[in-house]
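The structure under discussion appears below in the form of structure tokens.
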Amino acid sequence: MAYPEHSSEISPVTNFKQHSHMRNFELKGALMLAVVLAALLGTSILTACAQREALVGQADERPAAGPFGRSRLADDAASLAIDDSEAIRAQQNQLVKAQITVQAPVKKLLPDDTRGIQHQKFLISLSNGTTVLVAHNTGMAPRVPINAGDVVRIHGEFIWNKKGGLIHWTHHSDTPRHSSGWIEFNGQRYE
């Protein structure tokens, strides 16, 4: 069927072109939306991707199995997980002299306590929005080479206070009346 040159009807070619322009407009809109969402969520996605890439890159340089038969990659991924339930429970129950284990990010490094026995001091962030002060005796255990944002695993004695609490005795014990503590960071235990 032939279409007249000056017909008011839209030819199939014209109709196709209009739909193509609409599809292009819709695709551009979807692309813009994706870019905006990526910008809003990009930091957490990029951080997760960077951590994954770092772990994958490290996996090539390390032995296949970790200390408990798991892959070294699994050990590293587990070390990034947060487990602060014992510390939160200790805060809620206002426990004093309670042995706890907590895995949490370092929020802030504080100046060392140099009066009396030297202690490395830092704050860890808990998932309930509070912080806990960690006082690590550097006369009894090596200093931990941490920075804000690093995830550490700590075993020590919790003492509740109104500021969120304190964990100390994060070193080997010098008495049979007290259990030992430690801080784990980057696959190394400081005790």
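Just so it is clear, none of the values below were taken in a lab; they were calculated from the coordinates. Please read these numbers as outputs of a predicted model, since none were measured by experiment. For neighbour counting, all protein chains shown are included, and Cβ atoms are generated from backbone atoms with ideal geometry for every residue, glycine included.
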Rounded if a/c under 1.5, otherwise prolate or oblate - region 89-181, Cα gyration tensor axes: oblate
Loop trypsin sites (Lys or Arg not before Pro), region 99-191 (other Cβ atoms within 10 Å of the site Cβ: 10 or fewer; DSSP): Arg115, Lys162, Arg177
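What does the extension gain come out to for His178 and Val96, with contour length at 0.36 nm per residue minus their alpha carbon separation?
Working: separation 82, 0.36 × 82 = 29.52 nm, distance 1.41 nm.
28.1 nm is the gain from fully extending His178 to Val96.
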